[in-house]
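Below: the structure, in structure tokens.
Each reported figure results from applying straightforward, stated rules to the coordinates on display, with no laboratory input. Bear in mind that the values here come from a model prediction, so they are computed numbers and not experimental data. Cβ coordinates were reconstructed from backbone atoms using ideal geometry, including for glycine residues, and neighbour counts include every protein chain displayed.
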Amino acid sequence: METPNSAHDELDEDEELFDDGTAFDVDTDETPHGLDDEEASDLDIGSDLQQTEDTIADGDQALDWDMGGILPNAPVDASDNDDAAGPDGFDPTIGVSELAAENLDDSSLGFEATEALLVPDLSDWRGDDKEQVLFDDRELELPDESSVEDAARSWSACFEQAGRFEALTAADTQLFAGGEQLLVFDAGEFRAVPCPSGLTRLSAFGKAPSSVLGVTKSGLLLQFRAPHYAYPVTLSTASDPDAPRDDGRRPPALVTWSDAACAVLTGAGRLLLLVDGTLRPLLTGTQHPVVQLPVETDRPLVLLRDGRGLCLHMADAWASPEWRTLPVDPRWAKSLAEESFEFAAQGPYIVFAGSRVGVVVLDTRSGGYQRVPGCVGVAALAAGKQGDEPRFWTALSHEIAGRTDLIQIDPAAATATRLASTETVCDDEFAPARSLAWAPSTQILYVAGDFGVKGFRA
């Protein structure tokens, strides 16, 4: 290994720079030993004092120091930061490819193609007036900013049952609530019936009623027979009677059509009718698929889809051979297709309700549609008669306030009235209403959810 001393050892003795203990031999003819004041004044060293004695005496100016003769010029750093630019001769662009000055199209940047942004034509959004808007007014209206009027006298609570419930139905003096089990309230008597799975929908039919149908989360169709409603019977909805049950993609839906008949829409989309305890296929005179059943109706009614879109298919009685089809207005059909919704029928009116679309009333006599103002955030829908007048009821969710408003809809005037407001909270979290039920004989409106079951009357 080479060290500073190794280089020194390689020198010849005659070539040594200096010997130890020998003083420097300076040639006095070339370099003077010292300078006196007169010689120093003749040399161009130090500062250049060009100011006169008069100027200095006046004190008007400070000394103008020329530092060029003392300090060397500072090197110029062309970099934009404080980091060193590297040693002399270092090329900072090593390894950096120059960007091409041209051909910067999509292919050179790694993109295969450029897609144009499609801006939809909104000229027909509002129909005849051709006003171009980004949002319809129903998209911007909030429940707290609505025009729903309060009832002259708020309805008071008359019933409450704790628990978690998803299904609800009422008949005469009886109330049925479905959750992990079926609860039966009858003239002050309370019964709990175990179920193989949680109930998601209930439908009661008959005079007493004679029977209650229930749908479970696992897709079973159960029949609870009066008077005790114990030991439910599982009904097969499969096309093959020997099959255990329908293997559709969703649980069955059901609705009462009369005191003697209940319609069932299987998960596979087949329409069945329960009459005298027996399920049988129902022919409605159309080959188009049925996509939804109403939550409540006073006549046979289904929603189907044909080549034109959504259509209402109805008859005067379940045994009627004649069915008529009423296409849903395209504007409202488009809005309904964008979200989940419920619909119900009473008298000449059919009501559609959804969390965004709100409440829309169809008068089947004229074919006209009316939107009820203020009803945004609908969580549940029910239908029935108050006296002799058809009425509809909705539950509006107010998640921030932790409450649910119970609203009555007058379909003839397309107006909404707030009957009551109730706190709907479970485990310190907002719990929306899951179902409503109207009991015509007692004139009580029931609401159910994870907060339990509550009843209100005028």
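Worth pointing out:
- The value obtained for the range 146-457, namely the Cα convex hull volume divided by the number of residues, is 135 Å³ per residue.
- Panel order for S218, S355, by other beta carbons found within 10 Å of each beta carbon, from fewest to most: S218, S355.
- Counted by neighbouring Cβ atoms within 10 Å, the residues H398, H313, H288, H228 run from fewest to most as H228, H288, H398, H313.
- The magnitude of the dipole of the range 146-457, with charges of +1 and -1 set on the Cβ of Lys/Arg and Asp/Glu and taken from the Cα centre, is near 480 debye.
- Across the options V425, H398, A344, the greatest Cα extent toward the positive end of the charge dipole of the range 322-458 (unit charges at beta carbon of Lys, Arg, Asp, Glu) belongs to A344.
- Over all distinct Cα-Cα pairs of the range 376-458, the Kirkwood formula returns a hydrodynamic radius of 12.9 Å.
- Length-normalised contact order of the range 309-417 in % [C-alpha pairs under 8 Å, at least 6 apart]: 16
- Residues of the range 277-304 with amide N under 20 Å of a point placed 7 Å along Cα→Cβ from A319: 277-285, 298-301
- Gain on full stretching of the segment that runs from Q386 to Q287 - 0.36 nm per residue minus C-alpha separation: 31.9 nm
- In terms of other Cβ atoms within 10 Å, E166, E296, E339 run from fewest to most in the order E339, E166, E296.
- Calculated FRET value between A157 and A401, using beta carbons and R₀ = 25 Å, to 0.05: 0.90
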